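These notes concern the structure reproduced below.
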Amino acid sequence: MKPSLLDALQQRTLLGDGAMGTQLMLAGLEQGNCGEAWNLIHPETVLAIQKRYADAGSDCILTNTFGGSRIMLNRHGNAGKAVAINRAAVAIAREAFGGRDGYVIGDIGPFGGLLEPYGDFSEQDVREAFSEQARALVDAGADAIIIETQTSLEELRLGIEAAREAGAPCVIGSMAYDVTRDGSTFRTMMGIDPERAAEFMQEHGAHIAALNCGTGMDMEHARQAVVRYRKVIDLPVMVQPNAGQPKLVNMKVVYDETPEEMVRGVAPLLEAGASIIGACCGSTPDHISAFRHAIDCHEKQTV
Ligand SMILES: [Zn+2]
């Protein structure tokens, strides 16, 4: 029988996957359209992307449900399909492994607005949306849930609670940090530093503390975040940095850090104690394949 995700992390470092959003755009999704609806209308395209990650050696694949809460889906008139979209996403990610053991991580991204009193959404609205999404992902068989690209502790808490109440076997909290203008440190848009976020995740019952995306957060900054997390908590740490900085080329957002450049950061991340290493915006199956090789080489050297 497949060990649980947390048990597997006791044995070895796991490889995550790469970007979904930028891959969907390459497959023809237009900016601003609903990529999550493709789980229902173009499942073969989502499957093909995730299969490439599985073939590149990913141990964990995130479901294509970043904007899969009813609040986000409502922007596209798809709120009523929230449960179907999330359930389909788990089945597609599972199928991508082709019968091999792998971990499907149900993805919950930000709800896309601000909580009262700064914005229009009550805590109850967000709690209900996250609960519905988390339940659909868990009922469909996700091995874990990640609450990702978070910048505020209030929203993170609602996500972690929803995932726990849904019975998720493993809950991952993942923050998006921005490197400060002087380059000396990094914190979220809402001013949360990594130590505070990590302690908050542990206090609220997350099983894995993570970071993803952000601005200026390259592999070296991800390594620094791992070190800073591990100073204050004893949870496993997961990282998914972007493939470099977004640049605007011909009105399109491009990420241009190559697999060769990015993979140099893998061994230092392993040495810092990262337990799951994947990548976020702009990364491709080639990046993940390079990571696979680097993780395997590192494990051979340390055995
Ligand atoms: Zn990203």
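Just so you know, all these numbers are worked out from the coordinates, no wet-lab data involved. Just so we're clear, the structure is a prediction, and the values are computed from it rather than from any experiment. When we count neighbours, we look across all protein chains shown, and the Cβ atoms used for this are built from the backbone with ideal geometry, even at glycine.
I need a count of the residues in the stretch 107-150 that are among the acidic types (D, E) and within 16 Å of the ligand (Cβ to nearest atom).
Of the residues in the stretch 107-150, 2 are among the acidic types (D, E) and within 16 Å of the ligand (Cβ to nearest atom).
Quick one: is G278 buried (at least 16 other Cβ atoms within 10 Å of the Cβ), within 16 Å of the ligand (Cβ to nearest atom) and on the phi > 0 side of the Ramachandran plot?
no
Yes or no, residue by residue, for (1) over 15 Å from G109 (Cα atoms); (2) buried (at least 24 other Cβ atoms within 10 Å of the Cβ):
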position	(1), (2)
I146	no, yes
L153	no, no
G173	no, yes
R230	yes, no
M238	yes, yes
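Looking only at the stretch 163-175, filter to residues that are outside any helix (DSSP H, G or I) and without any contact (Cβ under 8 Å) to a residue 40 or more places away in the chain; which one of those is nearest to the ligand (Cβ to nearest atom)?
Checked the stretch 163-175; the qualifying residue nearest to the ligand (Cβ to nearest atom) is M175.
What's the number of the only condition in (1) away from the ligand (no atom under 16 Å from the Cβ); (2) under 20 Å from A91 (Cα atoms) that E155 fails to meet?
Every listed condition holds for E155 apart from (2).
Show the residue pairs that are 6+ apart or on different chains and have beta-carbon atoms under 9 Å apart, the first residue being within the stretch 208-224 and closer than 23 Å to L5 by Cα and in a loop (DSSP other than H, G, I, E, B), the second being within 12 Å of the ligand (Cβ to nearest atom) and hydroxyl-bearing (S, T, Y).
C213/T149; C213/S174; C213/Y177
Those residues that are within 26 Å of V254 (Cβ to Cβ) and either polar (S, T, N, Q) or in contact with a Phe, Trp or Tyr (Cβ under 7 Å, 6 or more places away or on another chain) (or both), I need them from the stretch 1-19; list them, please.
L15, D17, G18
Can you name every residue in the stretch 241-274 that is of a type in the set (A, V, I, L, M, F, W, C) and under 23 Å from T13 (Cβ atoms)?
If the condition is that a residue be of a type in the set (A, V, I, L, M, F, W, C) and under 23 Å from T13 (Cβ atoms), then A243, M262, V263, V266, A267, L269, L270, A272, A274 are the ones that fit.
Considering R157, R164, which residue is surrounded by fewer than 24 Cβ atoms within 10 Å (Cβ to Cβ) and touching a strand residue (DSSP E or B) at 6+ places or on another chain (Cβ under 8 Å)?
R164
Is there a residue being away from the ligand (no atom under 16 Å from the Cβ) and within 24 Å of D55 (Cβ to Cβ) anywhere in the stretch 250-259?
Yes - at least one qualifying residue is present in the stretch 250-259.
Listed here are the residues, each with its yes/no results for (1) more than 16 Å from the ligand (Cβ to nearest atom); (2) within 19 Å of the chain's Cα centre (by Cα); (3) within 22 Å of R164 (Cα to Cα).
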residue: F186; (1), (2), (3): no, yes, no
residue: A197; (1), (2), (3): yes, yes, yes
residue: G216; (1), (2), (3): no, yes, no
residue: Q224; (1), (2), (3): yes, yes, no
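Just need a number here: residues in the stretch 1-48 that are within 16 Å of the ligand (Cβ to nearest atom), small (G, A, S) and out of contact with any strand residue (DSSP E or B) (no Cβ under 6 Å at 6 or more places or on another chain).
The qualifying residues number 4.
Checking the structure you have, find out if any residue of the stretch 277-290 is among the small types (G, A, S), farther than 23 Å from T149 by Cβ and not in a strand (DSSP E or B).
The answer is yes; a qualifying residue exists.
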